[in-house]
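Some notes on the structure that comes next.
Derivation of every value follows stated rules applied to the coordinates shown; laboratory data play no part. Source: prediction; values computed, not measured. We place every Cβ from the backbone using ideal geometry, glycine too, and count neighbours over all the protein chains shown.
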Amino acid sequence: MHGFLAEYVSSTTKISIINADGKITASQEVLIPKDSYVQILTKEMIEFSHEQKLYHNDIFAIGVAVDPVDTLGFQSYEQFKKELESSFGFSAVVDPDMDNVKKQLLSLA
């Protein structure tokens with residue numbers, strides 16, 4: 001199984017695929033506008049995973065390192081998390097600290 005990992009840094013987002021041991025197997029940077037962040041992130045991650053020959057049943061969860069309230073303009077962390085889970089169809093982890101995101105994400109593997 002694999003997980004999706006995304007880190008928002010300024011105007012770019014680094015998207016990665018990690019295995020159940022926490023090793024990054026693939027990554028790339030993409031530009032995602034704040035006003036449609038969840039929709040574009042979903043599209044980019046799905047396309048990226050398909051390039052890696054991974055599909056929905058290969059993914060266990062998504063983790064996003066961002067403060068969705070201060071950075072992306074969401075009302076709350078919970079709102080952002082719910083939108084991610086609805087869009088991706090599996091559990092989401094959200095935290096500004098990448099180490100926390102990765103640790104929580106791997107606990108779902």
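Extension gain, D99 to A26: 0.36 nm times the residue separation minus the Cα-Cα distance gives 24.5 nm.
Rg/Rh, computed from the Cα trace of the chain with Rh as the Kirkwood radius, has the value 0.92. Per-residue 3J(HN,Hα) values for segment 99-109, derived from phi via the Karplus relation 6.51 cos²θ - 1.76 cosθ + 1.60 with θ = phi - 60°, read 5, 5, 4, 4, 4, 5, 4, 5, 5, 8, 5 Hz in sequence order (x marks Gly and Pro). Between segment 89-109 and segment 14-43, how far is it from one alpha carbon centroid to the other, in angstrom? Cα centroid to Cα centroid, the span is 13 Å.
FRET efficiency for the V9 to A109 pair, using the beta carbon distance and R₀ = 25 Å, is estimated at 0.55. Note on Q39 and N19: the extension gain reaches 4.8 nm, defined as 0.36 nm multiplied by sequence separation minus the Cα-Cα distance. Against the chain, whose longest principal axis is taken from its Cα atoms, helix 37-51 shows a tilt of about 20°. Between the beta carbons of M1 and D67, assuming R0 = 25 Å, the FRET efficiency works out to 0.35 to the nearest 0.05. Among the lysines of segment 2-107, pairs that are 8 or more positions apart or on different chains and have alpha carbons within less than 22 Å of each other number 22.
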